[in-house]
């Protein structure tokens with residue numbers, strides 16, 4: 001079998017087009033556009049890129065945005081005060097504090113202070129709890145994106161055996177709750193799981209989110225499974241690449257390392273997935289592309305709920 | 001194999017003795033006893049019994065308690081106001097609103113109003129979320145009791161395959177989070193699960209919480225598994241009993257139906273569990289006996305955290 005490649009780009013574009021038209025409607029009928037406030041602290045270069053992409057997307061879709069960039073030495077109290085002021089600002093629909101934060105900041109305290117109604121990352125415990133209880137909530141963007149990919153690719157979730165490898169608060173655990181809500185039978189695996197290959201190889205839907213490049217191989221994959229690779233690992237060692245890829249892909253990867261210093265590798269061995277799975281989300285080009293679209297979706301949902309619009 | 005019977009009573013007694021001595025210490029060193037407020041609305045006879053048992057146990061262990069019994073026609077606003085006053089009462093450490101509530105009451109609104117620090121049932125979404133995130137929280141009593149039974153019976157959780165049948169907010173989902181925290185590989189099954197027997201029969205630890213008397217049978221049970229039966233079903237039809245039990249147990253059950261009108265039956269076929277499992281919690285006499293002990297545990301934990309005592 002050669003796996004169908006589930007490209008994230010067209011799915012992300014479709015979602016963004018839906019959001020764009022929804023925002024146009026909101027402007028026309030209700031006279032406002034949802035507003036996302038993004039807070040960045042310090043000068044982490046990756047964070048700068050991520051925040052830039054998010055702000056560009058707000059503009060592309062017609063949302064408004066507020067950007068606060070604070071110095072690396074910002075005090076915890078100062079950041080708390082900023083979040084509080086964004087909570088109180090009635091024009092702000094969504095608040096995103098870009099992680100990671102400098103060490104002097106109490107990350108949990110910041111994330112718990114964000115008004116749950118504006119918590120577009122879905123990390124506030126009250127949103128986590130509501131998601132678990134099957135109630136209306138704002139859902140973390142990456143697992144929400146996985147559900148969109150599955151649904152829009154016609155992969156049946158209800159009744160399937162879904163296996164999630166990884167139990168992080170950002171991906172693994174919310175992913176489990178979302179798949180359960182969609183009536184999958186859900187298994188959560190992790191570093192302490194015994195005989196992972198035999199458990200993973202029973203999955204109709206296999207979600208990899210462990211942060212180990214190319215870790216899941218042929219013996220983890222059931223013939224014809226949908227393999228969703230959430231891992232995004234930077235690999236700069238060419239010898240590691242030689243083990244994972246061959247042919248054109250290998251050449252491309254080595255060229256990328258030469259040019260950029262690293263290449264992005266998923267948690268699943270791509271060659272094995274393509275040979276054995278029924279459908280596969282590549283890295284890069286798969287799940288990662290959905291994340292910002294889902295952030296925009298959350299911002300629009302938050303705006304409508306806050307403002308009492310159906 | 002004949003399963004070792006995991007009786008709930010001695011475990012519950014051991015936990016209660018620990019709590020009793022802890023409360024004696026709190027009285028001596030800190031000059032107070034934790035206080036549980038119990039609210040009952042209407043005249044549901046089962047609720048009257050449950051609340052009575054809870055209040056008796058507070059007395060037995062040296063906690064103090066407040067009991068509010070409101071008429072069945074209590075308005076939603078009245079109950080909200082009572083909960084609010086208990087939130088504000090600094091002497092109250094734990095608040096329990098006995099379910100079910102009359103239909104004019106908005107149950108979610110009541111449960112979300114309870115101060116999460118006093119939420120000894122662990123049903124507030126913020127506690128659900130914190131549990132999922134692996135942070136300090138108040139944990140629903142029944143799944144917390146299951147963990148105590150497993151640990152105090154020397155059943156190894158880490159690395160085991162745990163299968164939970166049932167995905168309720170009160171048992172199935174928090175049970176999954178607790179077993180995951182203890183490093184089990186966790187599978188959640190439900191009514192839409194395909195081929196439940198083969199999945200259940202891979203479980204080293206099988207937790208049944210579906211509310212269907214005797215539903216899990218021999219083909220659901222792995223040889224030597226720990227079978228934890230959370231189901232408590234009232235069965236009044238003798239013909240159903242004839243299918244589930246034989247010998248002395250059958251005679252006893254039929255006599256109980258004759259005397260009381262019903263007998264309590266778990267979700268697991270007891271005969272099959274005893275023949276095939278390695279360990280088994282009977283119904284009655286198993287998990288159910290732990291619930292009140294865990295409620296007292298939560299009340300003491302809530303009191304210590306609120307009052308800043310280690």
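Only the coordinates and a few stated rules stand behind these numbers; no lab work does. Because the structure is a prediction, the values reported are computed rather than measured. Glycine gets a Cβ as well: all are built from the backbone with ideal geometry, and neighbour counts include every protein chain shown.
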Exercise. Can you work out the PRE-style zone for residue B:64? Point 7 Å along Cα to Cβ, and I want the residues of region B:19-34 with backbone N under 16 Å.
Key: B:23-34
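Taking the number of other C-beta atoms within 10 Å as the exposure measure, put A:49, A:207, B:139, A:165 in order starting with the fewest. Each step should come with its number before you reach the end.
Details: A:49 10, A:207 31, B:139 25, A:165 28.
Lowest to highest Cβ neighbour count: A:49, B:139, A:165, A:207.
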Quiz item: Which of A:21, A:132, A:65 moves the most in a Gaussian network model of chain A with Cα springs under 10 Å?
Solution: A:21
Self-check item: For chain A: relative contact order, % (alpha-carbon pairs under 8 angstrom, 6 or more apart)
Solution: 23
Exercise. For region B:181-310, state what percent of all Cα-Cα pairs lands in each successive 10 Å bin, counting from 0 Å until the bin that includes the largest distance.
Key: 12, 35, 29, 16, 7, 1
Quiz item: Label 7 Å along Cα→Cβ of residue A:29; region A:49-77 residues with amide nitrogen under 20 Å?
Solution: A:61-64
Quiz prompt | Average partner coverage of A:169-180, which counts Cβ from other chains inside 10 Å | solution = 3
Practice problem: Using only alpha carbon pairs under 8 Å that are at least six residues apart, calculate the relative contact order of region A:152-253 and give it in whole percent. | Solution: 25
Exercise. Within region A:176-194, find all residues whose amide N lies under 16 Å from a label point positioned 7 Å from the Cα of residue B:192 along Cα-to-beta-carbon.
Key: A:176-187
Practice problem: Write down the Kirkwood hydrodynamic radius of region A:153-216, to one decimal in angstroms, obtained as one divided by the mean of 1/r over all alpha carbon pairs. | Solution: 11.8
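Once the convex hull of the alpha carbons of region A:115-273 is built, what does its volume come to per residue, in cubic angstrom? Provide the component values of the computation, followed by the final result.
On the way: hull volume 21.3 nm³, N = 159.
Looking at region A:115-273, the number lands at 134 Å³ per residue.
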Exercise. Could you work out how far helix A:290-306 tilts from the main Cα principal axis of chain A, as a 0 to 90 degree angle to the nearest 10?
Key: 30
Quiz item: For chain A, modelled as a GNM with alpha-carbon contacts under 10 angstrom, which of A:37, A:293, A:158 fluctuates the most?
Solution: A:158
Exercise. For region B:1-125, state the average projected area of the convex hull of the C-alpha atoms over all orientations, rounded to one decimal in nm².
Key: 10.0
Practice problem: Before anything else, pin down the relative contact order of region A:32-115: Cα pairs under 8 Å, at least 6 apart, normalised by residue count, whole percent. | Solution: 42
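P(r) tail for region B:40-106, what percent of Cα pairs lie past 17 Å?
On the way: 973 of 2211 pairs.
It works out to 44 percent of all Cα pairs.
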Exercise. Specify the residue with the greatest mean-square fluctuation among B:175, B:17, B:296, computed from a Gaussian network of chain B linking alpha-carbon atoms under 10 Å apart.
Key: B:17
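Indicate the gyration tensor shape class of the protein assembly as shown (rounded, prolate or oblate), computed on the Cα atoms with a ≥ b ≥ c the square roots of the eigenvalues: a/c under 1.5 is rounded; otherwise a/b larger than b/c is prolate and the rest oblate.
The shape class here is oblate.
List A:124, A:220, A:68 from most exposed to least, where exposure is judged by having the fewest other Cβ atoms within 10 Å.
Values: A:124 23, A:220 26, A:68 17.
Lowest to highest Cβ neighbour count: A:68, A:124, A:220.
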Practice problem: Using the number of other C-beta atoms within 10 angstrom as an exposure proxy, rank A:141, A:189 with the fewest first. | Solution: A:141, A:189
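Given the convex hull over the Cα atoms of chain B, what projected area results after averaging over all orientations, in nm²?
Projected area, direction-averaged: 16.4 nm².
Using a 10 Å cut-off around each Cβ of peptide B:190-200, what is the average number of partner chain Cβ atoms that fall inside?
Working: counts 5, 1, 8, 7, 6, 3, 1, 0, 1, 4, 0.
Taking all residues of B:190-200 together, the mean is 3.
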Practice problem: Compute the acute angle (0 to 90°) between the alpha-carbon long axis of helix B:247-260 and the principal axis of greatest extent of the alpha-carbon atoms of chain B; round to the nearest 10°. | Solution: 40
Practice problem: Using a/c under 1.5 as the rounded threshold, could you call region B:244-310 rounded, prolate or oblate? The axes a ≥ b ≥ c are square roots of the C-alpha gyration tensor eigenvalues, and prolate needs a/b larger than b/c, oblate otherwise. | Solution: oblate
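What shape does region B:2-59 have by the C-alpha gyration tensor, where a ≥ b ≥ c are the square roots of the eigenvalues, rounded means a/c under 1.5, and otherwise prolate means a/b greater than b/c and oblate the rest?
Note, shape of region B:2-59 comes out oblate.
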Practice problem: Quick one: angle between helix B:8-25 and the longest Cα principal axis of chain B, in degrees between 0 and 90, rounded to 10, please. | Solution: 20
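Region A:57-152: D in µm²/s via Stokes-Einstein (Kirkwood Rh, Cα pairs, 37 °C, 0.692 mPa s)?
Details: Rh = 14.8 Å.
Reported coefficient: 222 µm²/s.
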